[in-house]
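The values are calculated or read from the model by the stated rules, or taken from the named source; none is laboratory data. Given the structure is predicted, the values throughout are model-derived calculations rather than measurements. Note: ideal-geometry Cβ built from the backbone for every residue, glycine included; neighbour counts use all protein chains shown.
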């Protein structure tokens, strides 16, 4: 997986950033496994001539979450459900106080390949690893799992905790170098 040296800028025009949540609890079957899309984000990647010479910085506007899909559940998602879910996600993330998540690379593991870095979310910073793969020629996908409680976020729950969003959230960003 070789990317030509240079500077690359990504965002919704040439990439997609998705979050996938799961459900748990005694009433988990009533809820939905969700796919949310972040519609406002940017990333800058600078690739040097050496394999480990990569700089990555990304900013994510957490107020731009939209519900793309809900799988499972007792009933299909309605437009009102989608709005409520997005509102609840913003409350859980406390976007009024913490409107942005930031990722900055601290190193590259070209043998994996993976990007090691620091994720700042909900006012806390912690190490985060992004596993990277070439999805197609010129298209790259990075995946990670973010554990909400690690950043002081209490996952959404309803029905006195009988329906809960799982603590781990799957993160995926796909970018197109040619777009």
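Does region 111-133 contain any residue that is within 18 Å of the chain's Cα centre (by Cα), in a loop (DSSP other than H, G, I, E, B), under 21 Å from residue 23 (Cα atoms) and in contact (Cβ under 8 Å) with a residue 12 or more places away in the chain?
Within region 111-133, none of the residues are within 18 Å of the chain's Cα centre (by Cα), in a loop (DSSP other than H, G, I, E, B), under 21 Å from residue 23 (Cα atoms) and in contact (Cβ under 8 Å) with a residue 12 or more places away in the chain.
From the residues in region 60-88 that are touching a helix residue (DSSP H, G or I) at 6+ places or on another chain (Cβ under 7 Å) and part of a strand (DSSP E or B), which one is surrounded by the fewest Cβ atoms within 10 Å (Cβ to Cβ)?
Among those residues, the one meeting the criterion is 66.
Please enumerate the residues belonging to region 89-108 that are touching a helix residue (DSSP H, G or I) at 6+ places or on another chain (Cβ under 9 Å) and under 30 Å from residue 134 (Cα atoms).
100, 101
Report yes if residue 85 is modelled with pLDDT under 90 and in contact with a strand residue (DSSP E or B) (Cβ under 7 Å, 6 or more places away or on another chain), otherwise no.
no
Considering only region 134-149, state which residues are touching a strand residue (DSSP E or B) at 6+ places or on another chain (Cβ under 8 Å) and over 22 Å from residue 22 (Cα atoms). Walk me through how you get there before you give the answer.
Residues of region 134-149 touching a strand residue (DSSP E or B) at 6+ places or on another chain (Cβ under 8 Å): 134-135, 138-148.
Across region 134-149, the qualifying residues are 134, 135, 138, 139, 140.
Looking at 125, 111, can you tell me which residue is out of contact with any helix residue (DSSP H, G or I) (no Cβ under 6 Å at 6 or more places or on another chain) and at pLDDT below 95? Steps first, please.
Numbers: 125 fails: at pLDDT below 95.
Going through 125, 111 in turn, the sole match is 111.
Out of all the residues in region 30-59, which are out of contact with any helix residue (DSSP H, G or I) (no Cβ under 6 Å at 6 or more places or on another chain), in a loop (DSSP other than H, G, I, E, B) and either free of Cβ contacts under 8 Å to residues at least 24 places away in the same chain or surrounded by fewer than 19 Cβ atoms within 10 Å (Cβ to Cβ) (or both)? I'd like the intermediate steps shown before the answer.
Narrowing region 30-59 to residues out of contact with any helix residue (DSSP H, G or I) (no Cβ under 6 Å at 6 or more places or on another chain): 30-37, 41-59.
Imposing the further condition that a residue be in a loop (DSSP other than H, G, I, E, B) reduces the set to 31-32, 48-53.
Answer for region 30-59, where residues must be out of contact with any helix residue (DSSP H, G or I) (no Cβ under 6 Å at 6 or more places or on another chain), in a loop (DSSP other than H, G, I, E, B) and either free of Cβ contacts under 8 Å to residues at least 24 places away in the same chain or surrounded by fewer than 19 Cβ atoms within 10 Å (Cβ to Cβ) (or both): 48, 49, 50, 51, 52, 53.
Among the residues of region 141-164 satisfying the criterion of being within 15 Å of the chain's Cα centre (by Cα) and assigned to a strand (DSSP E or B), which is surrounded by the most Cβ atoms within 10 Å (Cβ to Cβ)?
Among them, the one singled out is 142.
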